[in-house]
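K.L.:
Structure incoming, see below.
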Amino acid sequence: MASAAIDQMLMGRDEPQGFSFDNCRRNAFMAKQGVTLPKARSTGTTICGVIFNEGVVLGADTRATGGSIVCDLNCEKIHYISDNVYCCGAGTAADTEFTTRMVSSRMELLKLRTGREGRVISALRMLKQYLFRYQGYVSAALVLGGVDVTGPALYTVYPHGSTDKLPYVTMGSGSLAAMSVFEDNYKVGMNEEEAKKLVRDAIRAGIVNDLGSGSNVDITVIKKGSVQKFRPYEVICKKSERQGDYTFPVGTTVVTSSHEMVPFSALKVTDEEVMEIS
């Protein structure tokens, strides 16, 4: 019934010029018919990565949120995949945690079976096939980076399984602010210190401009044969100190009335009845 009415409403119209509001009218009509429209999901995170001349730098904030509530001020969002591959996770904390654990175990089995260090593309293949199978219902938006025999590699993995390979990437609700920093300051052939500063500035931009991101900046530097973790690399949201003295002397508040407390030992049982439970 609803679909027939929608078809009739849109039938016979010429192709609109400029921006079309047909979908807005359609959604309003469906809402009146009692159809529950899907709600937008916010990842509440800023994660990013950049390639420099010797490897990859990954960065993330440390705030975990549940709706409008800050659940954790120091959540670790850079996950271990293998000795040369790490992954930043945005989305549902449980989904990112267990998805990366599953791929980490598979990468270890692959290493034992082949006798060689796993490649970044192998972890990417496992992640995208797993996420595509669930059609986006596993809420894990990932930034995958590492260094293997082919050199440094950096990918984004979306919850529905699509991927991108780029020299610098961002994900999460603060990704637009972080991407603006990358597009303004990225250059080819950066050294390690320049890459760390760029990632720091990108995560800081996400924290400042996005309420779902906050607390500290975590950074992981992956190079050939070595991994360095900086947790935290920088504290952005510091807890402020109280400016005044909030201790008040006894007698500040006027006592209007008082009642004498009767001790429990002074109470006597005057009537007792046992209730039978069948």
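Read-outs: derived from the displayed coordinates by stated rules, not from any lab. Every value quoted in this text rests on a predicted model; they were computed, and no experiment measured them. Cβ placement follows ideal geometry from the backbone for every residue including glycine, while neighbour counts extend to all protein chains displayed.
K.L.:
Using the Karplus curve 6.51 cos²θ - 1.76 cosθ + 1.60 with θ = phi - 60°, work out ³J(HN,Hα) for each residue of the range 86-94 in order, rounded to whole Hz, and write x for Gly and Pro.
P.N.:
Computed from phi, the couplings for the range 86-94 are 10, 9, 8, x, 10, x, 5, 4, 5 Hz.
K.L.:
In whole Å, what is the distance between the alpha-carbon centres of the range 203-269 and the range 113-188?
P.N.:
35 Å
K.L.:
Shifting gears a bit: Please find the FRET efficiency linking Phe248 to Leu73, where r is the Cβ-Cβ separation and R0 is fixed at 41 Å, and quote it to the nearest 0.05. Spell out each step's value before the answer.
P.N.:
Numbers: r = 30 Å, r/R0 = 0.73.
With a Förster radius of 41 Å, E is 0.85.
K.L.:
Using the Cα centre as the reference, give the magnitude of the dipole from point charges on the C-beta atoms of the range 139-250 (Lys, Arg: +1; Asp, Glu: -1; all else neutral), rounded to the nearest 20 debye.
P.N.:
My answer is approximately 260 debye.
K.L.:
Can you pull the three principal axis extents for the Cα set of the range 137-183, in Å, largest first?
P.N.:
Per principal axis, max minus min of the Cα coordinates gives 33, 30, 12 Å.
K.L.:
Cα-based Rg (one decimal) and Dmax (whole number) for the range 101-209, in Å?
P.N.:
Cα only, the range 101-209: 15.5, 46 Å (Rg, Dmax).
K.L.:
I'd like the projected area of the range 52-170, averaged over all directions, using the convex hull of its alpha carbons. Report it in nm² with one decimal.
P.N.:
Projected over every direction and averaged, the Cα hull of the range 52-170 covers 7.5 nm².
K.L.:
For the pairs Lys111/Lys224; Lys128/Lys165; Lys77/Lys187, note any where the Cα-Cα span goes beyond 19 Å.
P.N.:
Table pairs above 19 Å Cα-Cα are Lys77/Lys187.
K.L.:
Taking only DSSP H segments of four or more residues, each worth -39500 (n - 2.57), what value at 222 nm results for the chain once the sum is divided by all its residues, to the nearest 500 deg cm²/dmol?
P.N.:
Calculated from helices alone, the mean residue ellipticity at 222 nm is -10000 deg cm²/dmol.
K.L.:
Please list the non-local residues whose amide H lies under 5 Å from the amide H of Thr62, H modeled 1.01 Å from N, same-chain partners needing a gap of 5 or more.
P.N.:
Long-range HN contacts for Thr62: Gly214, Asn216.
K.L.:
Kindly provide the pair-distance distribution of the range 218-265 built from C-alpha pairs, with 10 Å bins from 0 and whole-percent values in order of increasing distance.
P.N.:
15, 17, 16, 14, 12, 13, 9, 3
K.L.:
Okay, next question. Report, for the chain, the % of DSSP beta bridges that are antiparallel, rounded to 5.
P.N.:
100 percent
K.L.:
Additional query: Calculate one ³J(HN,Hα) per residue across the range 145-150 by plugging θ = phi - 60° into the Karplus curve 6.51 cos²θ - 1.76 cosθ + 1.60, and present them in order as whole Hz with x for glycine and proline.
P.N.:
Couplings: x, x, 10, 9, 5, 8 Hz.
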